[in-house]
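This report refers to the structure that appears directly beneath it.
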Amino acid sequence: MSEPNSLYVKIKITKEKLQQFFQDKPRTQTIDENWLTWWDSREMYSKQPLENIPVYRMFSNRHILDELIKDRDFACSEQYDPISQNWIFVSVFFSENYTEILPMLAFLKNLANYQHNDGGGLAMIYDFLWGEGSIMAYLEFSGQQATLKPYTNITALEPTILYTANQALEKAVDSFNKNLET
């Protein structure tokens, strides 16, 4: 039985641009070479060709996050640091299915368009809780682009990246456990 992988997002973006993104509606993605290369690098059962990228059908990008946060089963949290201008969003129990993560990847690729050219960051969906070290998806934010990388294992990451992601997710787990007690 598969277990859900965790989502970790850290992106440098101004508060104003982030709010603008939240107010806008989800946008479709065009399948390009980056999408295809990433998809081809994934191992999955009954793999189908990547023919379309679904998007969340919600009123706004903020509504997407609010729905995830409201559903306690995802164990989500977010924070914005106005000094570093980093927005961090995590979901401890995000997804175990490649098809299910496509709308989130489209969401994140669209978010990159709102950064300044010098903005950076990353997003990854990986097995934080289950210890196999696998990565479902890894996005690198740079130059108003979010590029999917073909990483399949956490050994491809710089240790500080993994440490920071794990710390954020551990904090979310603690909060989730605390909420279960109340």
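The values are calculated or read from the model by the stated rules, or taken from the named source; none is laboratory data. What you see is a predicted model; the values in this text were computed from it and never measured. Please note: Cβ atoms are built from the backbone with ideal geometry, for glycine as well, and neighbour counts cover all protein chains shown. Just so you know, the surface numbers come from the protein's heavy atoms only, side chains and all, with ligands and any DNA or RNA stripped out. Shrake-Rupley method; radii C 1.70, N 1.55, O 1.52, S 1.80 Å.
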Name the residue from ILE31, THR99, GLN144 whose Cα lies farthest towards the positive end of the charge dipole of the chain, charges +1 on Cβ of Lys and Arg and -1 on Cβ of Asp and Glu.
GLN144
Going through the DSSP H helices of the chain, which span 27 Å or more along their own axis at the Cα atoms while scoring at least -0.5 as a mean Kyte-Doolittle hydropathy?
159-181
Two decimals, Cα atoms only, Kirkwood Rh: what is Rg/Rh over the stretch 89-182?
0.98
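About the Cα centre of the stretch 1-153, what is the dipole size in debye to 20, counting +1 per Lys and Arg Cβ and -1 per Asp and Glu Cβ, all else neutral? Write out the running numbers ahead of the final one.
Details: 14 positive and 20 negative charges, 95 e Å.
Roughly 460 debye, rounded to the nearest 20.
What whole-number value in Å² describes the accessible area per residue of the stretch 23-164 for a 1.4 Å probe? Don't skip to the end; give the middle numbers.
On the way: 7720 Å² over 142 residues.
That works out to 54 Å² for each residue.
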Taking H placed 1.01 Å from N in the peptide plane, check which residues at least 5 places from CYS76 or on another chain put their amide H under 5 Å from its amide H.
VAL92
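Return a whole-number percent for the relative contact order of the stretch 20-105, with Cα pairs under 8 Å and 6 or more residues apart as the contact set. Working shown, then result.
Numbers: 78 pairs, mean separation 24.3, N = 86.
Taking the mean separation of contacting Cα pairs over the length of the stretch 20-105, I get 28 percent.
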Relative contact order (percent) for the chain, with alpha-carbon contacts under 8 angstrom and 6 or more residues of separation?
30 percent
Short to long, in 5 Å steps from zero, the percent of alpha-carbon pairs of the stretch 85-143 per bin is 4, 16, 28, 23, 16, 9, 3, 0
In nm, spacing of pseudo-spin labels at THR14 and LYS70 (7 Å Cα→C-beta vector):
3.1 nm
Hits among lysines - C-alpha to C-alpha of LYS12 under 21 Å, sequence gap 8 or more where chains match
LYS25, LYS109, LYS149, LYS171
Could you check which residue among ALA168, ALA75, ALA156 shows the biggest mean-square fluctuation in a GNM of the chain with a 10 Å Cα cutoff?
ALA156
For the residue pair ARG27 and SER41, what label-to-label distance in nm results when each label sits 7 Å from Cα along the Cα-to-beta-carbon direction?
2.4 nm
Beyond 27 Å, what percent of the Cα pairs of the chain remain?
23 percent
